[in-house]
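The values are calculated or read from the model by the stated rules, or taken from the named source; none is laboratory data. Since the structure is predicted, the reported quantities are computational estimates derived from the model, not experimental observations. Counting neighbours? That spans all protein chains shown, and the Cβs are built from the backbone with ideal geometry, glycine included.
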Amino acid sequence: MKIFNYKLLYPSFLFPGKTQYDESIKLVKSIPSERIVNSISPFNWVSVARKVKKEDADLVVFDWWHPFFSFCHFTISTLIKAKYKRKILFITENVISHEGNLPDKLLTKIGLCNAYSFLALSDDVVKSLNSYNYKQKIYRSELPVYDWYKTENNEQNNSLKTNLGFKEEDKILLFFGYVRRYKGLGILIEAMKMLVDEEKKYKLLIVGEFYDDPKIYKDQINRLGLNSNIQIINEYVPNEEVGKYFNISDVVVLPYRSATQSGILNIAYGFNKPVIVTKVGGLTESVEDGKTGVVVDESLPVKIADAVRKYYNLALTINFKDNVAKTSQQNSFNKISGIFEQIISETVK
C-alpha cells in the first residue's frame, strides 16, 4: 500500500483555518506516503498520473469528499484510465459538500465520472450515488471507530477539569471538531440556555478550530449569559491531546443541521462515550437510541435540550459505555481488508 498525499490541499485564501497540516507529535500509524499532489496545478496532475501508472497497482483508490477537487481527480483518473480501466475506486465520504449547490453537483459529476466502482461510507451516501444514476457497483463500509487516542489517565483528567473550572458534579457536554454552520453549534448554545436555567451543573465544552467567525458564537454566549457554563478552546487538537477532552466529558453532542456521517461520532465511540445526534443524513446509522446515545428528530434547541435531559435520566439505569463498546466491535470497518480483497478480485475478472 502506498499513499500519494497532498502537498497543497487548498489555496490559503480559500482555507478558513490556521493550518492544513497535521501538527501532531504522536504518529497513529506509519504508512508509505509521498506529498506530491497539488490540487490546483494541471501540470502537477500530469506528473502524478505518470507516477501512479508506474506503480502498477492492483487498485487505485481516490478519496472523495468535496467538489473542489473535481478537476484534479478527473484529470488524474482520466490519464490513468487506459492502464487501470476497472481498477479505479472512489471512496465517497460525501457525494456533494454539506453546503452543496448546483455548481457543486455539476463538478461532482465530472470528478466521479471515471470511477469503475464506489466504496460508500454510509447508506445516505449510497442513496446520493444512486440519485446521480451511476451504474457502477457500490460497495459498503463505514468509518472506523477511532480507538487510538487513549493516552490520558484519571489524575490528568481531574486536573484538566479543575483547570477549566469544572467541578466533579458538573454535567459536561462536549462539542468537538471544526466549527462550521452545518454542525449546529448555535443551536446547541441555545439549548444550553434552557438547561442552565433549570440546573447550573450543565456545562458545555467546545473544542476545535473555528471555520466560522468565533465572534458570532461568543456574542451569542454573552447575550444568553452563559459565560460561566461554556468553555471554548479554539484550536486544532493534535492526536496526543484528543483523549483528555473526551475523557472528562459525559456525552458528545452532534446537533448537526446536515450530515452524511461523522468522524467525531467514531472518536466518541473510541472512548466508549455515548452521543446525542440529530436525525440527519447517515448520522444515526450506528446509533441505537437509548442504548448508545440519544437520537433527536430535529435540530432545534428545545429538542436538543430534551435529548440532554433524556440522556442523563437514562444514564441512571443504562450502561451506555458497555453498549457503545459492543457496537464498536461490530463496526464494519473491522472487515475492510476483506472488502478490498473482494473489490480487487472482482476488478480482475
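Some points to look at:
- Test: Val296 is touching a Gly at 6+ places or on another chain (Cβ under 6 Å) and either surrounded by 20 or more Cβ atoms within 10 Å (Cβ to Cβ) or not small (Gly, Ala, Ser) (or both): no
- Flag if Lys85 is more than 26 Å from Ile344 (Cβ to Cβ) and at pLDDT below 90: no
- Complete set of residues in segment 110-132 that are of a type in the set (Ser, Thr, Tyr) and under 24 Å from Ser345 (Cα atoms): Tyr116, Ser117, Ser122
- Scanning segment 283-320 for residues that are over 21 Å from the mean Cα position of the chain (by Cα) and among the charged types (D, E, K, R) yields a total of 5.
- Counting the residues of segment 31-72 that are of a type outside the set (Gly, Ala, Ser) and in a helix (DSSP H, G or I) gives 17.
- Residue in segment 39-48 that is surrounded by 14 or more Cβ atoms within 10 Å (Cβ to Cβ) and in contact with an Asp or Glu (Cβ under 8 Å, 6 or more places away or on another chain) present: no
- Of the set (1) at pLDDT 85 or above; (2) surrounded by fewer than 18 Cβ atoms within 10 Å (Cβ to Cβ), all apply to Lys135 but (1).
- The residue list Phe271, Phe340 contains one member that is outside the structural domain of Phe175 (by TED's automatic domain parsing), among the aromatic types (Phe, Trp, Tyr) and either more than 18 Å from the chain's Cα centre (by Cα) or under 30 Å from Glu199 (Cα atoms) (or both), which is Phe340.
- Segment 196-220, subset among the hydroxyl-bearing types (Ser, Thr, Tyr) and touching a helix residue (DSSP H, G or I) at 6+ places or on another chain (Cβ under 7 Å), residue surrounded by the most Cβ atoms within 10 Å (Cβ to Cβ): Tyr202
- For beta carbons closer than 8 Å, sequence separation of 6+ or different chains, a first residue in segment 191-203 that is at positive phi and a second that is buried (at least 20 other Cβ atoms within 10 Å of the Cβ) and hydrophobic (A, V, I, L, M, F, W, C), there are no qualifying pairs.
- Residues in segment 80-94 include at least one that is assigned to a helix (DSSP H, G or I) and within 16 Å of Ile3 (Cβ to Cβ).
- Residue count for segment 108-132, restricted to those that are part of a loop (DSSP other than H, G, I, E, B), small (Gly, Ala, Ser) and surrounded by fewer than 20 Cβ atoms within 10 Å (Cβ to Cβ): 0
- Looking only at segment 238-254, and only at residues there that are farther than 18 Å from Tyr178 by Cβ and hydrophobic (A, V, I, L, M, F, W, C), the one that is nearest to the chain's Cα centre (by Cα): Val251
- Elements of type helices (runs of 4 or more DSSP H) in segment 234-340, at least 3 residues being without any contact (Cβ under 8 Å) to a residue 60 or more places away in the chain: 301-314, 320-329
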